[in-house]
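The values are calculated or read from the model by the stated rules, or taken from the named source; none is laboratory data. Owing to the predicted nature of the structure, the values given are computational and were not obtained by experimental measurement. Cβ: placed from backbone, ideal geometry, glycine included. Neighbour counts: every protein chain shown.
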Amino acid sequence: MKMRLFLSISAALALAACSSSPANDSSDATTPAAAATTTPPMLAESCKADAAQQFVGKTATPEIVEQARVATGAKTARVLTPGMMVTMEYRGDRLNVRVGTDNVIGSVDCG
């Protein structure tokens, strides 16, 4: 008898877990378009790439990359070489220093 009760309760819980959620009231639901246009505070733009344009054409030594990072206000910097595999997540607090095969800075951007 106890086993049958246990199985019945387990089945009821499993079915309840599979049920769909009730419809939300549209007045307090955030639309996907509105959610996509707001930037979370942690992704807010804190890197100003224009401030690092002066480093384009220079060799990307650790010192130059650090000077560029400080000038832009970025928290981190990464040097991207041709053909390098990189993560594509956007970070507004990161400076991307793009170099050629000769390690000369070709462009800088944030992200």
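A few notes on this one:
- Counting the residues of region 84-103 that are among the β-branched types (Val, Ile, Thr) and either in a strand (DSSP E or B) or at positive phi (or both) gives 2.
- Qualifying residue in region 66-83 (condition: at pLDDT 95 or above, surrounded by 12 or more Cβ atoms within 10 Å (Cβ to Cβ), in a helix (DSSP H, G or I) and touching a Cys at 6+ places or on another chain (Cβ under 9 Å)): yes
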